[in-house]
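Notes for the one structure printed next.
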Amino acid sequence: MNLMKKLPYGISDYERLIEDEYYYVDKTSYIEKLEKTVAPYLVFLRPRKFGKTLFTSTLENYYDITQKDKFNKLFANTYIGKNPTKLKNSYHILKFNFSGIDTTNEEATIKAFKSKVVSSIKLFVEKYNMDFYINNDDEVENILNNLLKAFIIQRAGEKIYVIIDEYDHFANELLGFNTHQFKNLVSKNGKVRKFYEILKEGTESVVDRIFITGVAPITLDSLTSGFNIGSDITQDREYNEMIGFTQDELLIMMNEMGISKNEQERLLPIMKENYDGYKFSVHATENMYNSNMCLYFLKDYVRFKEIPAQLIDVNIASDYSKLAGMLDLCKGEERKKIIEKTVSGEGIVNEITAKFNPEIGFTEKDLVSMLFYLGYLTITGEEFEIPELKIPNRVMRDIYSDYFLKVLSKDADLQITNEDYTEILREIAIEGKIDKLVILVERYLQNLSNRDFIKFDEKYVKLIFYCIAMNFKIYRIKSEMEVQRKYPDILLIPKDTSKGYNSVMIEFKYLKKGEEGKLKEKQEEARKQIDNYSEFEEIKVIEKLNKYIVVTVNDKIDVEKI
């Protein structure tokens, strides 16, 4: 394969990707699987920025009757090009994309939804040279219905393949801040539901296949009575790897980009830590990398031969910043419990909700399921066939940690500035001291209510330290919470050892009120643990390592340097 192929970062148009000679990770074998093994009306959900739009574009180009003459050019080097199915280039493609809808208010949302539908229908009419007039004053469901009736008359015997991308985008936006408006749109008389009712009616005549993608099954329950023919293959093990990158696919790409084996051995652990870890079926055997994040990383590396300073693309970070809106759907102690469990690395055994009905409220189970669909949690195991969910990777842990600190700061009525973090970081890096870090944590503890202290323990205090440390971008933070084995509670190692920054190891202990007399006992226990960790080969090689014992008694912290 041509080593000069470009990385397709931000490219979601399959035709452009092939014609402009971008690198393509071949997922076309799934076209054959979808066509042969499952129902014709499909729903397939994945987190944002995972490659869904490119896959729908691939389907569009493969099945579009007007692309017949381009088939060899577009698919010659793919699996499906060598193994075409009987339905290739046999459909009229009616494609909708509901991203970018204005959700300012209900009127704006309805207007934008209609605009998206009308624009797609106009493109369909022009592309297939139909004689069809669009009455802009008509209701959106009537426009779609009239199109399908006109198609039956003008294209007798021919069929339509409907592709809907980002079907739930505006619904997710609304759900985070305007549940009333959301309910109106998907209720029995809502415009969105009526649209899907017409689509279902179309399957009785000219709509032969439907492929719907999105992030979460937010509207599926509300739309079920209007569109109850869709098969949800989101958690089907056979389609776990349909989008995203497997590690083998990633390594092949790196080879094609001219990245040497030695470079791959250096880069892969970083990419694995930050972008890997997604699994979408209890029965799947392969973890998936977020494809967009990998392309962002490799794009900069291939160009500059340097690892990007920021390991998360700002475009992806802004999408995942919606975590707060979703978590706020579940109030009080349930939300707090979920945050603490996830950030501390604990698994949550939870059945994944297949359809949400926001009209009856969000339970803890529903919220955990939403976090799975959004990519904040992923399947890491199972217990009696019920999925166990954890944070998939470091990037997601960063986002959780940031949210946890914001919630904590609000509860403690504290405002921590970037200057505060910089001063703490400077003291750690230059002097190897944690005095200012300890003072900040004590401020949190002392400002929290007495009711909160009832639930304080070593894990909670460690969590506060850990989340603050996640702001120190010059450090790699290793934690017992992450590795789930005998390991120092927190270990800060400079990413760039040539700058002479200090490293820090912290071992935590906690004493309840009235147990102050056990301080020496706890310190000795921690000292023995640190001595044990210091024998690890990976710890021995760390330069300028400063070791600390941190014992918390209620809202006071005792620090001892070893």
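Laid out as a table, the results:
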| quantity | calculated |
| --- | --- |
| Search result, residues across the stretch 20-37 that are more than 19 Å from Tyr161 (Cα to Cα) and part of a loop (DSSP other than H, G, I, E, B) | Asp20, Glu21, Tyr23, Tyr24, Val25, Asp26, Lys27 |
| Single unsatisfied condition, Ala412 versus (1) open to solvent by less than 10 Å² (accessible area, probe 1.4 Å); (2) at pLDDT 95 or above; (3) more than 30 Å from Asn290 (Cα to Cα) | (2) |
| Residue match in the stretch 45-61 (condition: modelled with pLDDT under 95 and open to solvent by 40 Å² or more (accessible area, probe 1.4 Å)) | yes |
| Residue ID - least open to solvent (accessible area, probe 1.4 Å), chosen from residues in the stretch 87-113 that are farther than 22 Å from Glu15 by Cβ, part of a loop (DSSP other than H, G, I, E, B) and out of contact with any Asp or Glu (no Cβ under 6 Å at 6 or more places or on another chain) | Ile101 |
| Pair list, Cβ < 7 Å and 6+ apart or interchain, from the stretch 200-220 residues that are more than 23 Å from Ala156 (Cα to Cα) and assigned to a strand (DSSP E or B) to residues that are open to solvent by less than 30 Å² (accessible area, probe 1.4 Å) and at pLDDT below 90 | Ile212/Tyr167; Thr213/Tyr167; Gly214/Tyr167; Gly214/Asp168 |
| Enumeration of residues in the stretch 124-134 that are surrounded by fewer than 14 Cβ atoms within 10 Å (Cβ to Cβ) and part of a helix (DSSP H, G or I) | Glu126 |
| Hey, Ile339 of a type in the set (A, V, I, L, M, F, W, C) and at pLDDT 85 or above or not | no |
| Cβ pairs under 8 Å, 6+ apart, first in the stretch 361-373 and within 14 Å of Lys337 (Cβ to Cβ) and open to solvent by less than 10 Å² (accessible area, probe 1.4 Å), second modelled with pLDDT under 85 and among the charged types (D, E, K, R) | Leu367/Glu334; Leu367/Arg335 |
| Count of residues meeting criterion [surrounded by 20 or more Cβ atoms within 10 Å (Cβ to Cβ) and not in a strand (DSSP E or B)] in the stretch 375-398 | 11 |
| Residues satisfying the stated conditions in the stretch 130-169, i.e. under 36 Å from the mean Cα position of the chain (by Cα) and at pLDDT below 95 | Glu139, Val140, Glu141, Glu166, Tyr167, Asp168, His169 |
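The values are calculated or read from the model by the stated rules, or taken from the named source; none is laboratory data. Model, not experiment: these values are computed from the prediction. Heads up, the Cβs are rebuilt from the backbone with ideal geometry, glycines too, and the neighbour counts pull from every protein chain shown. Protein only, heavy atoms only, side chains kept; ligands, DNA and RNA dropped before computing areas. Shrake-Rupley method; radii C 1.70, N 1.55, O 1.52, S 1.80 Å.
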